[in-house]
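The values are calculated or read from the model by the stated rules, or taken from the named source; none is laboratory data. Here the structure is a predicted model, which is why all the values come from computation and not from measurement. All Cβ positions, even for glycine, are placed from backbone atoms using ideal geometry, and neighbour counts span all protein chains on display.
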Amino acid sequence: MANALLTSCLLGTSLLTSVAFAAAPSSNNPNNIDYTGWSWSGHVDHVTIDSQAAAEQWIEDTATAIGGAAEYYSSKTENTLVLGTSILFYRDNAEFSQYVEDYWGDTDYSESDATAIMIFAEYGPKYRFGQDNMSFFTVRGGVSGMLYSERAISSCSNCYSEDIDIEGGAYGVLGVGQTLGSLDLSVQFQQYLSGDLDNTIRLKLSGAF
């Protein structure tokens, strides 16, 4: 019940705020001139996975992720389109090992890793506030998908591997941050509305090219 209520509130807030900001010009841009451009961002995530889905795949229900994104922004609306990718490091409960032969014929006993590569897209406004408008609050909607998710031995082309069936999905984002010179530092919370991920807490650093 609590998760359903949080999901409904998050989705409703995202839709209402997106409409409001799309309709109103930015207070930081009184001449209503639209400046657009690309920026970069890097992030570290704490990811919570649906406990039943995690148990079925023999992984823990939390994971760590690192990644980056390109962000296209508009100063008129403060809306930002984010296109990015993350590498997830699962906490595996079903590791396996096997002998691996390298290019020179040497053998070694190697253990598997459980990882995934996820891509995502987000869109939504940024609301600035505080002294000199150096603080900001973000509301976005997003969607993610897994390009790769498996248990395997790294850098081995013919080793045994197993798929880890964890899916991305649609989610809402709430974030707060601070502009520090040419960089933005922010903390974001993502609540998933579909798929096998529950939520994510993200520490994010971004700046212009």
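For the reader, a short list of remarks on this structure follows.
- Counted as qualifying within the range 48-146 are the strands (runs of 3 or more DSSP E) with 2 or more residues that are among the acidic types (D, E), namely 59-74, 107-111, 113-129.
- For the range 154-174, the candidate set comprises residues that are buried (at least 18 other Cβ atoms within 10 Å of the Cβ) and in contact (Cβ under 8 Å) with a residue 40 or more places away in the chain; within that set, the residue that is farthest from A53 (Cα to Cα) is L174.
- Candidates are the residues of the range 51-83 that are aromatic (F, W, Y) and within 21 Å of G142 (Cα to Cα); the one that is surrounded by the most Cβ atoms within 10 Å (Cβ to Cβ) is Y73.
- Considering the range 186-209, and only residues there that are aliphatic (A, V, I, L, M) and in contact (Cβ under 8 Å) with a residue 40 or more places away in the chain, the residue that is surrounded by the most Cβ atoms within 10 Å (Cβ to Cβ) turns out to be L197.
- Among (1) surrounded by 15 or more Cβ atoms within 10 Å (Cβ to Cβ); (2) within 22 Å of I166 (Cα to Cα), the one test that E95 misses: (1)
- Considering residues of the range 45-101 that are within 15 Å of R202 (Cβ to Cβ) and of a type in the set (D, E, K, R) only, the residue modelled with the highest pLDDT: D45
- The one condition from (1) surrounded by 14 or more Cβ atoms within 10 Å (Cβ to Cβ); (2) modelled with pLDDT under 90; (3) touching a strand residue (DSSP E or B) at 6+ places or on another chain (Cβ under 9 Å); (4) over 18 Å from D198 (Cβ atoms) that S41 does not meet is (2).
- Strands (runs of 3 or more DSSP E) fully within the range 166-209 counting 2 or more residues that are at pLDDT 95 or above and of a type in the set (F, W, Y): 183-192
Conditions (1) surrounded by fewer than 15 Cβ atoms within 10 Å (Cβ to Cβ); (2) touching a residue at least 40 places away in the same chain (Cβ under 8 Å); (3) of a type in the set (S, T, N, Q), marked per residue:
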residue	(1), (2), (3)
Y103	yes, no, no
T107	yes, no, yes
A114	no, yes, no
F120	no, yes, no
Y123	no, yes, no
R128	no, yes, no
Q131	yes, no, yes
T138	no, yes, yes
G141	no, yes, no
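- Of all residues in the range 175-185 being under 24 Å from T48 (Cα atoms) and of a type outside the set (V, I, T), the one that is surrounded by the most Cβ atoms within 10 Å (Cβ to Cβ): G177
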